[in-house]
Amino acid sequence: MECQADSVPMATSEEALQQRTRFARLCKALGHPARLQILQFLATVPTCFCGDIVKQLPLAQSTVSQHLKILKEAGWIQGEIEGPRTCYWLNRETLAEFRTLAARLP
């Protein structure tokens, strides 16, 4: 069987590289079932506190906080400190961006 890779041009522009890099970063942040569950929960509420998220998962608060940190660094969620607690919400712009980038895959 002969490889057909030569007939399919691959986008090599700087913009295409940046898009692939961004998509890979978003995908990497989704690489754990707990983080997917957090995003699914946040999609159902406008905002919530860390403690509300902890109640949704069979994990320690410190573990949930680490997952939240990864999601926040990737841009999936946003958070704001309100007194002694942090309020989180799903970054819907990132969700739209992810859908757009995923749709560009063959």
Report yes if Ile53 is under 30 Å from Arg104 (Cβ atoms), among the aliphatic types (A, V, I, L, M), buried (at least 17 other Cβ atoms within 10 Å of the Cβ) and touching a residue at least 24 places away in the same chain (Cβ under 8 Å), otherwise no. no
Subset of region 72-93, residues in contact (Cβ under 8 Å) with a residue 40 or more places away in the chain and touching a Leu at 6+ places or on another chain (Cβ under 7 Å), comes to Ala74, Trp76, Tyr88, Trp89, Leu90
Looking at Thr86, is it modelled with pLDDT under 95 and either over 19 Å from Thr100 (Cα atoms) or more than 13 Å from the chain's Cα centre (by Cα) (or both)? yes
Answer yes or no as to whether Thr63 is among the hydroxyl-bearing types (Ser, Thr, Tyr), assigned to a helix (DSSP H, G or I) and more than 10 Å from the chain's Cα centre (by Cα). yes
Scan of region 58-74 for residues that are surrounded by 17 or more Cβ atoms within 10 Å (Cβ to Cβ) and either under 24 Å from Thr100 (Cβ atoms) or modelled with pLDDT under 95 (or both), ordered by number: Ile70, Leu71, Ala74
Complete set of residues in region 36-59 that are among the polar types (S, T, N, Q) and assigned to a loop (DSSP other than H, G, I, E, B): Thr44, Thr47, Gln56
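The values are calculated or read from the model by the stated rules, or taken from the named source; none is laboratory data. Since the model is a prediction, treat every value here as computed from it, not as a measurement. Note that each Cβ is placed from the backbone with ideal geometry, even for glycine, and that neighbours are counted across all protein chains shown.
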